[in-house]
1. From the Cα gyration tensor of the stretch 94-234, with a ≥ b ≥ c the square roots of its eigenvalues, which class applies: rounded if a/c is under 1.5, or else prolate if a/b is larger than b/c, or else oblate?
2. What share of all Cα pairs of the stretch 1-128, in percent, falls into each consecutive 5 Å distance bin?
3. Dividing the Cα convex hull volume of the chain by residue count, how many Å³ per residue is that?
4. Explain nothing, just the number: dipole magnitude of the chain about its Cα centre with +1 on each Lys and Arg Cβ and -1 on each Asp and Glu Cβ, in debye rounded to the nearest 20.
5. What Kirkwood hydrodynamic radius, in Å, does the stretch 85-143 give when the mean of 1/r is taken over all pairs of distinct Cα atoms and then inverted?
6. Relative contact order of the chain: what whole-number percent is it, with Cα pairs under 8 angstrom and at least 6 residues apart?
7. Using Cα centres only, tell me the gap between the stretch 162-229 and the stretch 78-135 in whole Å.
8. Where only protein heavy atoms count, and the probe is 1.4 Å, what is the accessible area per residue for the stretch 123-258 in Å²?
Amino acid sequence: MMLSISPISAFSDNYIWCVARHGEAIIVDPGDAAPVLQHLKEMGLTLSAIIITHHHYDHVNGIELLLEHYPNIPVYGPENQCASIGYRLKHDDCITLLNQTFKILAVPGHTLDHIAYYLEDADSGPALFCGDTLFAGGCGRLFEGTPEQMLTSLGLIQALPANTAIYCAHEYTVNNLRFAREVEPDNSELLVRFENAQAMRTDNIPTVPSKLALELLTNPFLRTDNSAVQERVATHAELKYWNQNDIFANLRAWKDDF
Ligand SMILES: [Zn+2]
């Protein structure tokens, strides 16, 4: 039976991911329990595990109420202050859930504890649950980590197979692509993607998951080795000399003010 991966909308623009097979579900980053409980009920699913990418409230605040309903399930996550996490994971760890192997990538930057879950054998191709690290058309803000850390973390994701589906945690795509167009006004794939994303949002369709291949072509935060992106960021930030890390840091700062 195929694995099914569905978004559960929460707050104003969060996606909580539900991965299900044979009536069992695992939930990624339940920031709120109510929409998760409703989804499980509607779909006739039993919760069997929770996996967490990082400590922010909109990713963890639903854990305790879910554990009241499902007291014996494991909660996996990174090393952080979140007391409900029973199993602490680090880079290169593997866990098996729903008979599937999830490989852990440490991806500090947005927060220092941030991890991502790579599912190699999803029936429809590889999948990455990357929380607030890589977004469709953008990347997470640097609340705790350095630009160097985030650039390294994004490099780990870039090295995954190009057909990897990117399951990020927010619907930020149109805004991200609007910024991306400022950075790369001549990128024709980006223009097409921007128009597609706008049309999807008009019809209230989630723009995620995206594919890594498309991110590599259109997401400026994965393109700081591209000379057109470098020239544009250097001009904007008035840099005379730069390395890729300077470009990434100034690109992120430019987006923060956008
Ligand atoms: Zn976050």
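1. It comes out oblate by the Cα gyration axes.
2. Taking every Cα pair in the stretch 1-128, the percentages come to 2, 11, 23, 25, 22, 13, 3, 0.
3. 118 Å³
4. 180 debye
5. When all Cα pairs of the stretch 85-143 are included, the Kirkwood radius is 12.3 Å.
6. The normalised contact order for the chain reaches 13 percent.
7. 23 Å
8. Computed with neighbouring chains in place, this is 45 Å² per residue.
The values are calculated or read from the model by the stated rules, or taken from the named source; none is laboratory data. Owing to the predicted nature of the structure, the values given are computational and were not obtained by experimental measurement. Using ideal geometry, Cβ is built from the backbone for each residue, glycine included, and neighbour counts are taken over all protein chains shown. Keep in mind that these areas ignore ligands, DNA and RNA; they rest on the heavy atoms of the full protein, side chains included. Shrake-Rupley method; radii C 1.70, N 1.55, O 1.52, S 1.80 Å.
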